[in-house]
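Inspection log for the structure reproduced underneath, given as structure tokens.
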Amino acid sequence: MSADAARRLDDVHKRIAKAEAEAGRPAGSVTLVAVSKTFDVGAITPVIAAGQRVFGENRIQEAKAKWPALRAATPDVELHLIGPMQSNKVKDAVALFDVIHTVDRDKIAKLIAAEINAQGRTPRLLVEVNTGAEPQKAGILPQDADDFIARCRDVHGLAIDGLMCIPPFEDVAAPHFALLQKTADRLSLPVLSMGMSADFETAIQFGATHVRVGTAIFGVRQHKVEP
Ligand SMILES: *Cc1c(COP(=O)(O)O)cnc(C)c1O
């Protein structure tokens, strides 16, 4: 089991390195976020032991149950929130996560700003863009992204480092990655969180700085928790 995790992690690193080279990007320019949602401490520990330090979770409750103990053992772990934000969980999110990928509406931005002030903790923030304009999906619509990011900065005093997207499951991902890249370029945002197990190499071609990979490292999830 633990040998499997180490082998799969190594394989993902090799694929990232190859995609960086093919895209003419510097080695090491892409950060691997290992998505450990639904996996327990026993499954995560071998991946930490294999050297991985950046992890993503999509549920605040679940992360709160798993990560304090893991982090006590490995303080240099960096934790990323990649799932939707609810207003009653903002306090926990600001307390627990180092990077939040899913800022997507004014109410949440306002609450995050209040918690940053209250806690004196400043997670890095990305805005989620609903590139497919899917009604059931979180994220700001592409045409509203510029205004929203300006409001985050000017009204709420939040520094936004970049953008994140989850393309529609049934679509070819490349046009969504291209749209996110174009939007980030226009707004001079350096961080692009895009690409999952099935398409991270494509995302790297389009400038992803962070790829979020679960299945290719941890194996297939027992309980389907879709973004
Ligand atoms: C689960 C999840 C991932 C990882 O998906 P895999 O296909 O298992 O690599 C990436 N991003 C988000 C937002 C997720 O919820």
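The values are calculated or read from the model by the stated rules, or taken from the named source; none is laboratory data. Only a predicted model underlies this, so the values are computations on that prediction, with no experimental measurement involved. Note that each Cβ is placed from the backbone with ideal geometry, even for glycine, and that neighbours are counted across all protein chains shown. Note: accessible area is taken over every heavy atom of the protein model, side chains too, but ligands, DNA and RNA are not part of it. Shrake-Rupley method; radii C 1.70, N 1.55, O 1.52, S 1.80 Å.
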Q) Using θ = phi - 60° and the Karplus form 6.51 cos²θ - 1.76 cosθ + 1.60, what ³J(HN,Hα) does each residue of the stretch 159-176 get, whole Hz, x for Gly and Pro? A) 7, 9, 8, x, 10, 9, 8, 10, x, x, 3, 8, 8, 5, 6, 3, x, 5
Q | Inverse mean reciprocal Cα-Cα distance (Kirkwood Rh) of the stretch 99-191, Å | A | 13.4
Q. Using 1/(1 + (r/R0)^6) with R0 = 45 angstrom and r between the beta carbons of Thr74 and Asp146, what's the FRET efficiency to the nearest 0.05?
A. 0.70
Q: Give a residue-ordered list of calculated ³J(HN,Hα) values for the stretch 80-94 (Karplus: 6.51 cos²θ - 1.76 cosθ + 1.60, θ = phi - 60°; whole Hz; x for Gly, Pro).
A: 10, 8, 10, x, x, 9, 10, 5, 6, 10, 4, 4, 4, 4, 5
Q: Please give the contour-minus-distance gain from Arg121 to Phe169: 0.36 nm per residue of separation, less the Cα-Cα distance, rounded to one decimal in nm.
A: 13.8 nm
Q. Across the stretch 32-150, how large is the tail of the calculated P(r) beyond 18 Å, expressed as a percent of all Cα pairs?
A. 52
**Q.** Whole-Hz ³J(HN,Hα) from phi, Karplus 6.51 cos²θ - 1.76 cosθ + 1.60, for the stretch 22-34, glycine and proline x
**A.** 5, 8, x, 9, x, 4, x, 7, 10, 8, 8, 9, 7
Q: Please report, in Å, the Rg and the Dmax of the stretch 83-148, where both are computed over Cα atoms only.
A: 11.9, 35
Q. Normalized C-alpha radius of gyration of the stretch 159-212, against 2.2 N^0.38 Å?
A. 1.02
Q | Computed FRET value (nearest 0.05) for Val41 with Ala17, which takes r as the C-beta separation and R₀ as 25 Å | A | 0.30
Q) What do the square roots of 5 times the Cα gyration tensor eigenvalues come to for the chain, in whole Å, largest first, as semi-axes of the equivalent ellipsoid? A) 26, 22, 15
Q: May I ask which of Lys37/Lys64; Lys64/Lys107; Lys37/Lys91; Lys89/Lys110 have a Cα-Cα span longer than 18 Å here?
A: Lys64/Lys107; Lys37/Lys91
**Q.** Hull volume in cubic angstrom per residue (convex hull over the Cα atoms of the stretch 1-91)
**A.** 111
Q. With all protein chains present and a 1.4 Å probe, how do Ser193, Ser29 order by accessible area, largest first?
A. Ser29, Ser193
